[in-house]
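As structure tokens, the structure follows; a few thoughts come after it.
Values in this text are rule-based calculations from the coordinates and carry no lab data. The structure displayed is predicted, hence computed values, not measured ones. Glycine also receives a Cβ, built like all others from the backbone with ideal geometry; neighbour counts cover every protein chain displayed.
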Amino acid sequence: MKCPVCEMDCITPAKDLLATLPSVFLPCADCSIRNLDKRLPLPTLHYEPPCSCGKRFIDEVFAHMYTIMVEEGDLKQTDPLISVGTPLVHPGFAMDRPPFLPERSLILLTKNARKSTAQRLFLEVPEVRGVVKKDDFIPGITSSNLHSVPKVYELLAGCDVRADVYPLRTGPVVMYKQQTLIHIEFPRMGYPKIRAVEQHVGQPPVSYFVDACCGVGTLGLAAACLGVPHVVLNDAWYASAFWSAFNLEINRSYLNISRVKIFEQLHDLQRHPVMADPIKIAETTGEQVIEVYQGDFHKLYTVLTPGSNPVTALDLFDKNDKNTIQEFSNEWLKRVGGEIFVP
């Protein structure tokens, strides 16, 4: 599939991506392993090339990136290996051991690489998918206050689109996201949010589910894959709304839908990065009704089916904002009804 960011073929439909699991990060019989202490400098500016199978242990990839960053003057040879940055693997899922990385499977978040260095990392390190300039803030919406445009990271080289995989009792769901625009939420062992959705959707599934602050759509798409007939996803941030719609198409073969209609593309949504009054971004045709909106979750009740009494997930970024959660819950139950839970 054509990527909406780099316009290359770095997007893989869910079935094709899932076919690579669980062997995508496993070594072959000839792969070598060198464990490096990330708190120490690289002993020598040396790294081994990828194995003949095309994979390389993640520590060896870090040694390669460290060597380039020292050569470019972005790091000193006395800096610890961890100074290279934070790795985000593609596809992401809960792992119990460090991965052997195939080609274009790593997005690097770094504070220390200049743009020219990032270009070299992308061109010379085959595992690097993209390099992102990390800063001292979290990208995207992190507050219920929607009066300002959120800050975002900068893409220095390559592409910043990657996917996470979440297991359901009906089969996995694949969620793509753009890491310069969306906060990092790497899958945790046990997948507690997914388990909470499964519990509240039930068997047989409830008839209506709302993901009020949907991010890239993980909880709402999980509910849809579990068989909920009518699902509404909503987020005030344009990137979240777009990728929620895009992920409908990615997972279309696992849903009872015939078509996904996306009304606004990524470049269109950039013109209204934060919305108050909900506008429809996408909808499906077929047996299941799935809708995606961009808007303030406080106003989402205006577009819902009257008397639907949905199960609503409120996955706010700041779970410690008890006042907002309580106020919204009371307001929502008066206007919409049903059940509300915080995953």
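Beta bridges from DSSP with both residues in the chain: antiparallel share about 55 percent, rounded to the nearest 5.
Computed from Cα positions, the angle between helix 238-250 and the longest principal axis of the chain comes to roughly 90 degrees.
Can you tell me the length gained on complete extension of the stretch residue 195 to residue 3, counting 0.36 nm per residue apart and subtracting the Cα distance?
66.1 nm
Note on residue 272 and residue 335: their simple-model spin labels are 1.7 nm apart, each label 7 Å out from Cα toward Cβ.
Axis of helix 192-201 versus longest Cα principal axis of the chain: the two differ by about 20°, to the nearest ten degrees. Across the cross-link table entries 280/322; 177/319; 133/322, which are compared at the Cα atoms, the separations over 25 Å belong to 280/322; 133/322. Taking every DSSP beta bridge that has both ends in the stretch 191-341, the antiparallel portion is near 40%.
Taking a ≥ b ≥ c as the square roots of the Cα gyration tensor eigenvalues, with a/c under 1.5 meaning rounded and otherwise prolate when a/b beats b/c, else oblate, which class fits the stretch 188-343? Rounded is the answer for the stretch 188-343, as its axis ratio a/c remains below 1.5. Taking Cα atoms only, the orientation of helix 322-335 departs from the longest principal axis of the chain by about 40 degrees.
When the charge dipole of the stretch 45-162 is built from unit charges on Cβ atoms (+1 for Lys and Arg, -1 for Asp and Glu) and taken about the Cα centre, the candidate among 108, 149, 49 whose Cα reaches farthest toward its positive end is 149. Size descriptors for the chain: radius of gyration and Dmax over Cα atoms are 21.1, 67 Å. Loop-resident trypsin sites (Lys or Arg not before Pro) (DSSP state other than H, G, I, E or B) in the stretch 261-313 with no more than 11 further Cβ atoms inside 10 Å of their Cβ: 271.
Set the Förster distance to 25 Å, then compute FRET efficiency between residue 33 and residue 186 from the Cβ-Cβ distance, nearest 0.05. Spell out each step's value before the answer.
On the way: r = 23 Å, r/R0 = 0.90.
Calculated transfer efficiency: 0.65.
Out of the DSSP beta bridges found with both residues in the stretch 14-157, what percent are antiparallel (nearest 5)? Working shown, then result.
Numbers: 9 of 14 bridges.
That works out to approximately 65 percent antiparallel.
At 0.36 nm per residue, and after removing the present C-alpha to C-alpha distance, how many nm does the segment from residue 303 to residue 20 gain when stretched out fully?
Details: separation 283, 0.36 × 283 = 101.88 nm, distance 3.92 nm.
Full-extension gain reported as 98.0 nm.
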